[in-house]
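Note sheet for the following structure.
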Amino acid sequence: MPKILIPSALRPFTNGQSEVQINGATIGEALVNFAEQFPQARRHLYDDKGRLRNFVNIFLGDANMRFLKKEATPVKDSDVISIVPAVAGGSEARVVDHTALRFNQASIILLLALAFVFNLPGLVVFVATIMLVGTFWPSAGLFKLIYHRLFKPAGWLKPKVVPDNPEPHEFAQGVGGIFLVISSVLLLVLKQQILGWILAGFVSALATLNLLARFCVGCFLYYQLNRLGIPVFKFSPIRKEERRKTV
């Protein structure tokens, strides 16, 4: 059965449970069954006409159902549905599956380590390509696809969907991808082996810092640029009080 993650605001109506397993072949069916199982929560999800309230955002993994097939979106037993109230001011809630991020970081670290140990500059090119594709076309990122289609359905990794902006993480990945492109040029074209591997090691070190210490240097840079008012960097950090409303 798919799992529904319950925000703190609704937990008084679910006996304090933060997650429940609910039957349903689609998101809509799962939510209806959820409302039937916890009738006190129903009025917080649906209006008098039985429609989902505008301030309620429903995510399948880290994808908003509004950009899928809405309530007709099919779900599998391994799927995770998140109920996320809109943040302050009524703007759309934004979430990121941090388990997917950590899988991405671990994959980068592993492949770059293999590239260095076995002297495989072509593998650096491969990782750079994956990172850049994942930056400009997130749904096509290879590591993300492996996570969503293999590791998560198999239950080997558990999703951790939290309020967050995806753009800073995509920016960080793009910066890392650019560094690896430069590393590839140094290794394969300019034959500067030492500089090339140092740069690849630098990217691996940043990924390791993110994985182990939960500090994303690229995200930090993104938010600094946001504070400077640069238009491209339009998303500011989600405030702690807004995180509490959705977890």
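Out of all the residues in the range 168-181, is one or more of a type in the set (S, T, N, Q), over 12 Å from the mean Cα position of the chain (by Cα) and part of a helix (DSSP H, G or I)?
Checked against the condition, which is being of a type in the set (S, T, N, Q), over 12 Å from the mean Cα position of the chain (by Cα) and part of a helix (DSSP H, G or I), the range 168-181 yields at least one hit.
Just give me the residues in the range 1-54 being among the polar types (S, T, N, Q), more than 22 Å from P163 (Cα to Cα) and in contact (Cβ under 8 Å) with a residue 40 or more places away in the chain, in sequence order.
Result: T26, single match.
State whether the residues of the range 44-51 include one that is at pLDDT below 90, closer than 23 Å to K69 by Cα and crowded, with 17+ Cβ neighbours inside 10 Å.
Yes, the conditions are met somewhere in the range 44-51.
Give the residues of the range 217-232 that are farther than 12 Å from P166 by Cα and among the hydrophobic types (A, V, I, L, M, F, W, C), sorted by residue number.
V217, F220, L221, L225, L228, I230, V232 - these are the residues of the range 217-232 that are farther than 12 Å from P166 by Cα and among the hydrophobic types (A, V, I, L, M, F, W, C).
Every residue in the range 161-209 that is among the polar types (S, T, N, Q) and closer than 18 Å to L132 by Cα, please.
Of everything in the range 161-209, those that are among the polar types (S, T, N, Q) and closer than 18 Å to L132 by Cα turn out to be Q173, S183, S184, S204.
Tell me whether the range 117-136 contains one or more residues that are part of a helix (DSSP H, G or I), farther than 16 Å from G177 by Cβ and among the hydrophobic types (A, V, I, L, M, F, W, C).
Yes, the range 117-136 contains at least one residue that is part of a helix (DSSP H, G or I), farther than 16 Å from G177 by Cβ and among the hydrophobic types (A, V, I, L, M, F, W, C).
Can you go through S82, S107, S139 and tell me which one is crowded, with 16+ Cβ neighbours inside 10 Å, closer than 22 Å to C219 by Cβ and without any contact (Cβ under 8 Å) to a residue 40 or more places away in the chain?
Only one candidate passes the filter, namely S107.
Among the strands (runs of 3 or more DSSP E) contained in the range 1-68, which hold 1 or more residues that are out of contact with any Phe, Trp or Tyr (no Cβ under 9 Å at 6 or more places or on another chain) and of a type in the set (D, E)?
Here the list reads 19-21.
Condition check ((1) modelled with pLDDT of 85 or more; (2) over 23 Å from I238 (Cα atoms)) across all residues:
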| position | (1), (2) |
| --- | --- |
| F143 | yes, yes |
| I146 | yes, yes |
| W156 | yes, yes |
| V161 | no, no |
| D164 | yes, no |
| Q173 | yes, no |
| G177 | yes, yes |
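Working only within the range 93-102, note down all residues that are closer than 15 Å to A172 by Cβ and part of a helix (DSSP H, G or I).
Listed by number, the residues that qualify are H98, A100, L101, R102.
Since K76 meets every condition but one in (1) part of a loop (DSSP other than H, G, I, E, B); (2) among the charged types (D, E, K, R); (3) more than 25 Å from G155 (Cα to Cα), which condition does it not meet?
Single failed check for K76: (3).
Does V203 fit the bill of being at pLDDT 90 or above, part of a loop (DSSP other than H, G, I, E, B) and aliphatic (A, V, I, L, M)?
no
The values are calculated or read from the model by the stated rules, or taken from the named source; none is laboratory data. Quick caveat, the model's predicted, so the values are computed rather than measured. Cβ: placed from backbone, ideal geometry, glycine included. Neighbour counts: every protein chain shown.
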